[in-house]
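Read the structure below first, then the notes.
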Amino acid sequence: MSNFTNTTVFEVIVCCKCHVEFAMTAEFKRTCEKDHKCFSCPAGHEQYFTAKSNEEKLREQNQLLASRMTHLKDQLNETRREVRTTRKSRDAYKGHLNRTKKRIHNGVCPCCNCTFKNLSRHMTGQHPNYIKLEEK
């Protein structure tokens, strides 16, 4: 004669219709919760688990985080493009300003491109509105 020992874990469930308590294996319960499959109480009432399983919750959370990460990466790339464009524009203006400053330092009028020994006197006499435009 041989002996057989089985250590199956059961979980108690209450029927949502007739309120009878019954047991099912923990493995079967996990499968029903995961797949939302129908099962019956001893009286034959069909029922299923409606709550989302932990796997479903984690999958949804993972999809949400992946979507948000993609959105943030897109924003970061757009910001980097804007920074590059702004830097190029700034460098172009800086170069133009430096060229203009050198020309003025050498006595070349920025308005009419003529060379003068006393550029300050020429600017106030011939182009009085030039400075006023710069101050605005």
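Quick note: the coordinates plus some simple rules give every number you see, no bench work behind them. Everything numeric here is computed off the predicted structure, so don't read it as measured data. Every residue, glycine among them, receives a Cβ derived from its backbone with ideal geometry; neighbour counts consider all protein chains shown.
Considering only segment 37-49, I want to know if a residue exists there that is of a type in the set (Gly, Ala, Ser) and either in a loop (DSSP other than H, G, I, E, B) or within 27 Å of Arg59 (Cα to Cα) (or both).
Checking segment 37-49: at least one residue is of a type in the set (Gly, Ala, Ser) and either in a loop (DSSP other than H, G, I, E, B) or within 27 Å of Arg59 (Cα to Cα) (or both).
Which of the residues that make up segment 1-36 are charged (D, E, K, R) and either loosely packed, with under 11 Cβ neighbours inside 10 Å or not in a loop (DSSP other than H, G, I, E, B) (or both)? Show your work before the answer.
Going residue by residue through segment 1-36, those that are charged (D, E, K, R) are 11, 17, 21, 27, 29-30, 33-35.
Across segment 1-36, the qualifying residues are Glu11, Glu21, Glu27, Lys29, Arg30, Glu33, Lys34, Asp35.
For segment 53-62, check the following and say yes or no: at least one residue is surrounded by 11 or more Cβ atoms within 10 Å (Cβ to Cβ) and outside any helix (DSSP H, G or I). There is at least one residue in segment 53-62 that is surrounded by 11 or more Cβ atoms within 10 Å (Cβ to Cβ) and outside any helix (DSSP H, G or I).
Would you mind stating whether Leu76 is among the hydrophobic types (A, V, I, L, M, F, W, C), within 30 Å of Asn118 (Cβ to Cβ) and within 43 Å of the chain's Cα centre (by Cα)? Give the derivation first.
On the way: among the hydrophobic types (A, V, I, L, M, F, W, C): yes; within 30 Å of Asn118 (Cβ to Cβ): no; within 43 Å of the chain's Cα centre (by Cα): yes.
The answer is no for Leu76.
For segment 12-41, the tally of residues that are farther than 20 Å from Glu55 by Cα and either of a type in the set (Ser, Thr, Tyr) or free of Cβ contacts under 8 Å to residues at least 24 places away in the same chain (or both) stands at 10.
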